[in-house]
Amino acid sequence: MALMVSRPELARNIFLRAASRQFEEGDVQHWWLPTTGQGVKTRISDNRIWLAFVVAHYLEVTGDVAVWTSKSRSCRVALCPGRPRSLLRSAPDPRGRYFEHCVRALDSSLAIGSHGLPLFGTGDWNDGMNRSGQPGAVKAFGSAGLYATLLQFAPIADGRGESDTAANWRKHGFAVQQAIEREAWDGDCTGAVTLMMGRRWGRLRATNAGSIRSPNPGR
């Protein structure tokens, strides 16, 4: 994203290459070796959101709608049930354009937990939390990222004639926003693993009440 103004063509090449490391289910490789394609398939769920978030920023800065005609590839490898990650050399599936990659990434990120927040996966926004995604756990930081990306991509979908997709993303995004306001800021919610992040933020706000403004001053 830091290259969007000074080297937009380089930024474009980077995220198109990243899209080629997406799997059919919508998730993406956490890292890979560019010469062999060998890398890891994990259950980390924020990676797929970055895929769409970055291109939304690219379009805002450059206006290069021709990016949608760029072809990329997908990978066809399944992660074994119960395993948080696996080392693999993926088999590419040569189809798909970048918009379809973004749709697949966002649509695969819409699963909601018991508190109305997106399910955790593993390692969200912090690799050190790679084993925190126990079944049913939800995330606070990743919820904000998903909300921002859905709301940025809904107008893009409208512009491409995908009004049903856009409407679904807006509905889901606003529901996530309400859940963040209700559950994540003060973290008063048991059983939600990454809401410890919300609790830390709540304590920080209480300690620095004069310098940090809550998006919901009534709380």
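The values are calculated or read from the model by the stated rules, or taken from the named source; none is laboratory data. Please read all numbers here as calculations on a predicted model, not as lab measurements. Cβ atoms come from the backbone with ideal geometry, glycine included; neighbour counts cover every protein chain shown.
Key figures
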read-out	value
Selection within the range 5-47 - in a loop (DSSP other than H, G, I, E, B), farther than 22 Å from Val103 by Cα and not basic (Lys, Arg)	Val5, Ser6, Leu33, Pro34, Thr35, Thr36, Gly37
Which numbered condition Glu60 misses (of (1) surrounded by 19 or more Cβ atoms within 10 Å (Cβ to Cβ); (2) outside any loop (DSSP other than H, G, I, E, B))	(1)
Boolean, Arg85 is at pLDDT below 80 and surrounded by fewer than 16 Cβ atoms within 10 Å (Cβ to Cβ)	no
Enumerated helices (runs of 4 or more DSSP H) restricted to the range 138-219, each holding at least 1 residues that are modelled with pLDDT of 90 or more and either surrounded by 14 or more Cβ atoms within 10 Å (Cβ to Cβ) or under 17 Å from the mean Cα position of the chain (by Cα) (or both)	141-159, 163-179
